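Working notes for the structure below.
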Amino acid sequence: MPVLTKQLGRPSVQRKALLEHLRGGIVRGAFAPGSRLPRRAELQQKFSMSKETVQQAFNRLRTDGFVEVRHRDGTFVVPRPPHLHRYGLVFPHRHSDTQPWSRYLTALAKEASALESDSQRQLPRFYDATSLGDLGGNYAELLDSVLNHRVAGLIFLTQPSHLFDTPVVNEHGIPRAAIMHPDAYFPQPIRAVYPDWLSFYRKALRHLHDQGCRKVALLTHGNDTGTFESFARETAEMGMTTAKKWMQLAHGGNAYNIASLLMQGNSEHRPDGLILADDNLVEDAARGLLESNIRVDEDLHVVAHCNWPDRPPCPIPATWLGFSAKLLLRHCVESIDRQRRGHHDLPPILLPAMFQEELKNHATDGAERRPAALEGQPASPI
């Protein structure tokens with residue numbers, strides 16, 4: 001916080017210094033929520049400023065949501081100032097017809113709205129296009145919120161690699177959390193929250209094994225061949241088999257064709273279990289299975305991924321296994337709260353995959369644990 005003197009020079013410099021002085025006092029707690037700020041006349045006299053300069057600083061504090069005017073009683077810090085109650089959600093891009101959100105981002109956006117309704121928190125959305133390109137983002141607003149302490153913290157819904165050299169990532173004093181792999185690079189200390197995909201594959205394979213399946217196929221999204229290596233290893237450890245041609249990457253609408261082709265041939269040459277490891281692929285893959293005339297739940301058992309509580313349309317019987325969007329978001333929010341209380345050396349959180357019956361009985365405080373076996377973990381399809 002700058003030290004104010006009576007020789008600040010131009011009105012614009014004076015206004016900026018006074019604004020930082022007052023806002024810094026609010027952020028540091030010198031002016032607590034509900035407390036009254038010094039009167040304008042007092043500040044004019046103390047710092048030799050004009051009435052207009054002081055008023056302009058107060059106007060900016062009011063515009064930014066830090067203070068409110070109570071008629072003749074004075075200007076007070078609002079009960080819920082932005083540096084304590086605004087948790088910025090940083091989306092990779094804005095939803096549009098040409099660039100729609102994944103089901104993962106859609107589920108998180110819904111849960112953010114629910115969290116705002118159930119608590120006194122605000123979760124403004126930012127779309128992280130940088131100032132270097134017109135990608136439909138609001139980078140200027142995001143940057144302003146960071147530099148002027150208008151957020152309690154930032155939650156990155158994906159790894160924001162193209163923001164690494166900006167104050168959005170590098171500005172000190174802003175707690176941050178990100179839904180990303182704990183081993184992923186981030187230039188500043190950050191709390192990583194991540195869906196435990198190893199638990200997803202293990203639970204899916206165990207379920208198929210218990211259903212009598214012994215030949216398992218995988219349909220997922222991504223470009224990491226390590227996913228297939230891990231899947232083949234886990235399948236073998238379950239006493240089951242898979243094949244290279246049964247492990248397929250899909251994108252767009254080709255899930256329909258791939259699922260149909262997987263089911264070609266007689267029962268000896270096709271899988272009897274299928275894991276659809278990305279909810280964005282489920283609807284098209286399910287239609288492909290219908291066209292293949294496979295009797296699902298007789299010739300084939302299916303485990304399908306979802307982001308709870310949202311499930312994609314699926315015209316075939318499937319067992320649902322996925323990650324709670326609510327818990328992902330709440331862990332990020334709670335992590336920011338803990339960082340603001342001075343807890344900065346926080347281990348990553350791995351959120352386990354859950355079947356629907358597990359989700360109903362799951363307590364929030366039971367989800368956090370240290371990563372046990374990240375090496376070789378299948379890549380996330382989100």
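The values are calculated or read from the model by the stated rules, or taken from the named source; none is laboratory data. These numbers were taken from a predicted model, which means no experiment stands behind them. Cβ placement follows ideal geometry from the backbone for every residue including glycine, while neighbour counts extend to all protein chains displayed. Each accessible area value is taken on the protein alone, full model and side chains, heavy atoms only, with ligands, DNA and RNA left out. Shrake-Rupley method; radii C 1.70, N 1.55, O 1.52, S 1.80 Å.
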Among [x] 30, 26, 21; [y] 52, 19, 17; [z] 44, 22, 19, the entry derived from the coordinates for semi-axes √(5λ) of the Cα gyration tensor in Å | [y]
For the stretch 18-87, run through the trypsin sites (Lys or Arg not before Pro) and keep only the ones in DSSP coil with at most 16 other Cβ atoms within 10 Å of their Cβ.
-> Arg39, Arg70
Any idea of the accessible area per residue across the chain, 1.4 Å probe, to the nearest Å²?
-> 48
Segment Asp165-Arg94, length gained on full extension (0.36 nm per residue, minus Cα span) | 23.4 nm
Label points 7 Å out from Cα along the Cβ direction at Arg70 and His172: separation in nm?
-> 3.6
Which of the helices in the chain meet the span-like rule: DSSP H, Cα axial reach of 24 Å or more, Kyte-Doolittle mean at least 0.0?
-> none
Of His251, His71, ordered by accessible area with the largest first and a 1.4 Å probe, the sequence is His71, His251
Glu68: accessible area at probe 1.4 Å, nearest 10 Å²?
-> 60
Ranked by GNM mean-square fluctuation in the chain (Cα springs under 10 Å), the top entry among Leu198, Leu84, Leu163 is Leu163
May I ask you to rank Leu19, Leu208 by accessible area, largest first, using a 1.4 Å probe over the protein chains only?
-> Leu19, Leu208
Highest GNM mean-square fluctuation, the chain, Cα pairs closer than 10 Å: which of Leu262, Leu142, Leu37?
-> Leu37
Based on the Cβ-Cβ distance of Gln356 and Arg62, what FRET efficiency does E = 1/(1 + (r/R0)^6) give at R0 = 56 Å, to the nearest 0.05?
-> 0.75
About the Cα centre of the chain, what is the dipole size in debye to 20, counting +1 per Lys and Arg Cβ and -1 per Asp and Glu Cβ, all else neutral?
-> 2280
Which percent of the accessible area of the chain is formed by carbon and sulfur heavy atoms (probe 1.4 angstrom)?
-> 47
Which percent, to the nearest 5, of DSSP beta bridges fully inside the chain are antiparallel?
-> 15
Using alpha-carbon pairs under 8 Å, 6+ residues apart, how would you state the relative contact order of the chain in percent?
-> 14
Along the charge dipole of the chain, which of Phe91, Gln55, Gln122 sits closest to the positive end, that is, farthest toward it, with unit charges on the beta carbon of Lys, Arg, Asp and Glu (+1, +1, -1, -1)?
-> Gln55
For Lys326 the rounded accessible area (nearest 10 Å², probe 1.4 Å, non-protein molecules ignored) is 100
What 222 nm value per residue comes from the helices of the chain, counting each DSSP H run with n ≥ 4 as -39,500 (n - 2.57) and dividing by all residues, nearest 500 deg cm²/dmol?
-> -11000 deg cm²/dmol
In a GNM of the chain with a 10 Å cut-off on Cα contacts, which of Ala232, Ala30, Ala304 has the highest mean-square fluctuation?
-> Ala30
Reported to the nearest 10 Å², Ile190 has, with a 1.4 Å probe, an accessible area equal to 40
Specify whether the C-alpha gyration tensor of the stretch 198-328 places it in the rounded, prolate or oblate class, a ≥ b ≥ c being the square roots of the eigenvalues: rounded for a/c under 1.5, otherwise prolate if a/b is larger than b/c and oblate if not.
-> rounded
